[in-house]
Amino acid sequence: MNTISDMLQPDRVPKQAGVSCRLGRILNGLTEEDMKAVERALNDTDTYPGTYIAQVLRGQGHQISEHSVRRHRRGACQCGFTA
């Protein structure tokens with residue numbers, strides 16, 4: 001029997017095929033250069049806090065919260081991305 005803590009691990013969250021989280025949808029709409037820059041920032045958690053990434057994206061007209069960035073980094077979103 002699985003414990004609650006086992007079931008509440010990010011890798012256990014069911015993903016919906018073909019469904020992206022808000023950040024995944026933003027990434028898909030960016031130019032290749034911008035997408036690579038955001039992905040690089042997502043993978044560098046020591047340099048780029050989620051608040052800063054969200055702030056940069058909001059400054060470009062995207063509706064995104066730091067919480068969405070954090071979920072995406074943890075792989076707890078619909079994309080299943082992991083940094």
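Nothing in this text is a laboratory measurement; each read-out follows from the coordinates by a stated rule. Not measured: the values here are computed from a predicted model. Ideal geometry is used to build each Cβ from the backbone, glycine not excepted, and the neighbour counts take in all protein chains shown.
At-a-glance table
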| item | result |
| --- | --- |
| Selection within segment 28-66 - loosely packed, with under 12 Cβ neighbours inside 10 Å and not polar (S, T, N, Q) | G29, E32, E33, R40, D44, D46, G59, G61 |
| Residues of segment 39-83 classified as more than 30 Å from M7 (Cα to Cα), among the β-branched types (V, I, T) and either part of a helix (DSSP H, G or I) or in contact with a Lys or Arg (Cβ under 7 Å, 6 or more places away or on another chain) (or both), total | 1 |
| Neighbours by Cβ (under 9 Å, 6+ apart or cross-chain): first from segment 60-79, within 17 Å of L30 (Cα to Cα) and without any contact (Cβ under 8 Å) to a residue 60 or more places away in the chain; second among the acidic types (D, E) and not in a loop (DSSP other than H, G, I, E, B) | Q60/D34 |
